[in-house]
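Down below is the structure, laid out as structure tokens.
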Amino acid sequence: MKHLFEHTHTASMQDQTRLAKACQDRGYVSIHNTEFVAANVFVLFLGTWALSLALDTALRTIKKGYERLSIYHQRNCVTYIIEIMYTSIVFLLQLKYGFSLMFYGETNTMEEKKGLSYAAVLLTGLYSFELAYRLQTHWQLAVHHLIAIGVLLVAFYNWFDYPDQALPVIRMCCVFVLHASTEQLCFLALLLHRLLDHHQYTNLLRHIHLFAALSSYVLKTTICIITWILWLPFFLQPQDKYNSYIWFWRWVFPVLNFVMLFVQWWASTIFWSLSRRFQKMMIREEDADVLRYKNQMRKSLVFSTVDVSDLDRRKLQQHVYRSFEKPRSHYITN
């Protein structure tokens, strides 16, 4: 029965190859052809530009403070919303079509390959648009996007006809792309940081930046460790068992993985610093409230007392002041 299944599977693959060759000879374009992917990226880029215009108009209508932002921060806000939408779609596509590949290393069906190719096109289109749309891009962010695009382009170049020995590479790269598809909370924190009033929503912004930092530290470090585990067999096994495609990932991927982890930790540190900044703002506001309360108590208990001498009044004033005085370390933590 097993031999019959293998024979049928081989015959089916041969029929698909002959059919694809016949379609290519007659000029038909299918999902497997480069021309089809190029057209999809072009349409996606144009659609993303139209979406950015719609989001910019909506933010001007809904949020009054949006118009007071600089054009640089306005475009950043639009980019954050698009990234939340696109990366969520990519993450869902990875779970639906790449679950068996990432967690069990099983060979993908044609339907699963198509689904993951949609995720690859969506993510590369998103990052390409962002690099062009932003007025200013930090070099760390540019490195992050270029590494993600490069991994997808190399890993999925022969996505529909990769050899069997390349399956572990595809699996490793699918896990690696989770760096890019699990950043929704970070984008939400950055969006709220620009749109909300810092003094009115200090506590909310402090907590969302803190959660973004912790989740980024944990998720990105975990993804990096898993990809290192998946990469280790390539390095330990003899080199003559691999072709040039596998050899390339054997030596290039460690560098990409290390750089990506560094960039992700840098971003996590920024969120941690923002959380600490808002915590200090809360401390300063608390100090101001305490000072206002002390002044009110001093006035109500001292200056309303008319039946005491000036000396007694000054003593009573100092006593009330000391009774509400607290050490500075009580408010500011290390």
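Compute the relative contact order of the range 41-131 as a whole-number percentage, counting only Cα pairs closer than 8 Å that sit 6 or more residues apart in sequence. Once divided by the residue count of the range 41-131, the mean separation gives 37 percent. Packing-based ranking of 208-219, 94-105, 176-187 yields 176-187, 208-219, 94-105, ordered from highest to lowest mean Cβ neighbour count within 10 Å. Available extension along the chain between ASP197 and ILE226 is 6.5 nm, counting 0.36 nm per residue and deducting the alpha carbon span. Taking the inverse of the mean 1/r over every pair of distinct Cα atoms in the range 69-114 gives a Kirkwood hydrodynamic radius of 12.6 Å. Note that the range 82-152 presents 43 Å² accessible area per residue, ligands and nucleic acids not counted, probe 1.4 Å.
The values are calculated or read from the model by the stated rules, or taken from the named source; none is laboratory data. Quick caveat, the model's predicted, so the values are computed rather than measured. Reconstructed Cβ throughout: ideal geometry from the backbone, glycine too, with neighbour counts over all protein chains shown. Keep in mind that these areas ignore ligands, DNA and RNA; they rest on the heavy atoms of the full protein, side chains included. Shrake-Rupley method; radii C 1.70, N 1.55, O 1.52, S 1.80 Å.
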